[in-house]
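The values are calculated or read from the model by the stated rules, or taken from the named source; none is laboratory data. Note that the structure is predicted; figures quoted are calculated from it, not measured. Here the Cβ is made from the backbone with ideal geometry for all residues, glycine too, and neighbour counts use every protein chain on show. Calculation scope for accessible area: heavy atoms of the full protein, side chains included, ligands and nucleic acids excluded. Shrake-Rupley method; radii C 1.70, N 1.55, O 1.52, S 1.80 Å.
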Amino acid sequence: MAYLTFKDINKIYPNGFHAVHNFNLEVEKGEFIVFVGPSGCGKSTTLRMVAGLENISSGEFLIEGTRVNEKGPRERGIAMVFQSYALYPHMSVYDNLAFGLTLQGVDEDVIEQKVMKTAKILGLTEYLDRKPRALSGGQRQRVAVGRAIIRKVGVFLMDEPLSNLDAKQRVTMRSEITQIHRETGATTIYVTHDQTEAMTMADRIVVMKEGYVQQVGTPYDLYFNPVNVFVAGFIGEPPMNFVKGTVTNGSLKIGKTDVALSSVVSEKTAAAYEGKEVCFGFRPEHAVLVKDKAVPDAIEFSCVVELTELLGDNTNVYIDIDGINLILKIDPHDTPKIDSELKFAVPKGSVYLFDGETEARILQ
Ligand code: ATP
C-alpha cells in the first residue's frame, strides 16, 4: 500500500474556478516528491488540500490507506513550511522552534533536547537567542524548516520555501534540505516553479499545467523521456528547441535540411504523418558542431550565429536557420563569431518528435 494516495482529486473554488483536475498519485514512504509547473498551474492548491487547509471538492486523499478528507490540519500528522516562513517576530529562535511542542504540552527537558538537536542539524545553535529580524533570509528559512522538522510528523510539506533567498543561498539551502530529508527520512512534498530545484531535489517530479498533471517521473525520466511538448520545454535549461512544420514527401524542411521522418521514427509512423503537422525537438546541449568531418548518424543543419553567451562551463549560441531561432549549448572553447555561418548536427537518438496538434510525443 502506498503511504499517500491521491485518488481523482479535483478542486473547484467557490467562484466556480476548476483549479485541479483529476489528480492521481501514489507516494511511497520517505519519498521526496516535487510538484512543479508555471504560476497558476494548481500546485499550491494541491499541496493545501494535502495539508487540510483547503477542502477537496471531489476525490479522496488517503494516508496509509485511511481517508483523511474530513480531518483537520492538526489531525493529519503533517508539517508545512510556507513561502513567507511565518515566524513569530517577538520570539527568539529557541522559542520559535519550541513553540509547537510547548503547545502540545511536551516536557521542558524534552523540548530543550529537541531544540538543541534541530538547531545543530540546521546550524542555528549560535542564533538561538536572536529574534527573527536579526537573522539573514537563509537563517530565517532554516528556522522555518526547523519548526517543521522538530515535530515528529509523517509528512513534510514545503511551498516554494526558497523563493525569498538570493541565488547563492538557494543553492546552499537546496542541498541542506536534501540532506535534512536524508537524515529525517520524512515523506516530503515540495512545491516550486523552478525546474532546477525540481531536478536536483526530487526522487520523483509531478509536472503540472493549468490544473492537469502532465507527467510523473524521476528527473531522469522527465529529461530523457518527456511525454509532450510542455514537459520537454519545461525541463532543461536552456529549454528544448522546437521547430514546427508540415510533413511533405516524408520530410520536414528545416532551412536547407530535409529531415526524413523515417530516420527518427518507423516508416509506418512517418507515413501516417504525411501532410500533417509535427514538432521537431532537440536539446541545446545535444547539438554537436560539425568541424572537419560529418557526425555519424546525425542530422546536419547550417545556421547563422546571432549572439553568444559565454557562461564559463559552456557557451549558449543563439542561431538563425532561415528565420527560425534556436539555441545551441556548446563547449566554450568552440565559441563562434557573431554573424558567422555554423554547421551543427543533432544525433538521431537525441531527436524528439511531437504531434503538431496534440503536442504528444511520437514514439517509434
Ligand atoms: P503560484 O506558483 O503562482 O503560487 P500555483 O501553481 O501554486 O501558482 P495555485 O495557487 O494552486 O497555483 O492556483 C491555481 C489556480 O487557482 C490559479 O489560477 C489561481 O488564480 C486559482 N485560485 C487560487 N486560489 C483561489 C481562490 N481562493 N478562489 C478562486 N481561484 C483561486
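Of note:
- Nearest-0.05 FRET efficiency for GLU64 and SER136, computed from C-beta distance (R0 35 Å): 0.35
- The lysines whose alpha-carbon is closer than 29 Å to the alpha-carbon of LYS291, local same-chain residues fewer than 8 away aside, are LYS244, LYS253, LYS256, LYS329, LYS337, LYS343, LYS348.
- Placing +1 on the Cβ of every Lys and Arg and -1 on the Cβ of every Asp and Glu, with no other charges, gives the chain a dipole of roughly 860 debye about its Cα centre.
- Positive-pole candidate from VAL216, VAL81, LEU326, dipole of the chain, charges at beta carbon: VAL81
- Whether the range 289-364 is rounded, prolate or oblate, judged on the alpha carbon gyration tensor where a/c under 1.5 counts as rounded: prolate
- Compactness relative to 2.2 N^0.38 Å, alpha carbon Rg of the range 231-291: 1.22
- Between the Cα long axis of helix 137-149 and the first principal axis of the chain there is an angle of about 70°, rounded to the nearest 10.
- Accessible surface of LYS329, taken over heavy atoms with a 1.4 Å probe and every protein chain present, rounds to 60 Å².
- Model label sites at PHE224 and THR196, defined 7 Å from Cα along the beta-carbon direction, differ in position by 2.4 nm.
- Gyration tensor verdict on the range 179-305 (Cα atoms; rounded if a/c is under 1.5, prolate if a/b is larger than b/c, oblate otherwise): prolate
- Look at the Cα gyration tensor of the range 241-355: its axes a ≥ b ≥ c give a/c of at least 1.5 with a/b over b/c, and that counts as prolate.
- Rolling a 1.4 angstrom probe over the protein heavy atoms with all chains in place gives the range 4-234 an accessible area of 46 Å² per residue.
- Eligible aspartates and glutamates near LYS268 by straight Cα distance, threshold 17 Å, same-chain separation 8 or greater: GLU277, ASP355
- Most to least packed among 334-342, 143-151, 32-40 [average Cβ atoms within 10 Å]: 143-151, 32-40, 334-342
- Those residues of the range 310-342 whose amide nitrogen sits under 11 Å from the label point placed on GLU285, 7 Å along Cα→Cβ: 314, 329-330
- Of all beta bridges that DSSP places with both ends in the chain, some 75 percent have antiparallel geometry.
- The P(r) of the range 1-100 has a tail past 17 Å containing 58 percent of all C-alpha pairs.
- Peptides 250-263, 224-237 ordered by packing proxy, namely the average of other Cβ atoms within 10 Å per residue, highest first: 224-237, 250-263.
- Averaged per residue, the range 241-355 has 51 square angstrom of accessible surface, using a 1.4 angstrom probe with ligands and nucleic acids left out.
- Carbon and sulfur %, accessible surface of the chain computed with the full protein complex present, 1.4 Å: 49 percent
- Candidates GLU160, GLU75, GLU300, ranked by Gaussian network fluctuation over the chain, Cα under 10 Å, top entry: GLU75
- Local electrostatic count at THR248 - Lys and Arg +1, Asp and Glu -1, tallied over other residues with Cβ under 13 Å: -1
- Rounded to 0.05, the FRET efficiency of the ILE338 and VAL110 pair, given R0 = 45 Å and the Cβ-Cβ distance, is 0.10.
- If you run the Gaussian network model on the chain, springs between alpha carbon atoms under 10 Å, then out of GLY42, GLY105, GLY275 the most flexible one is GLY105.
- For the chain, the convex hull drawn through the C-alpha positions has a volume of 177 cubic angstrom per residue.
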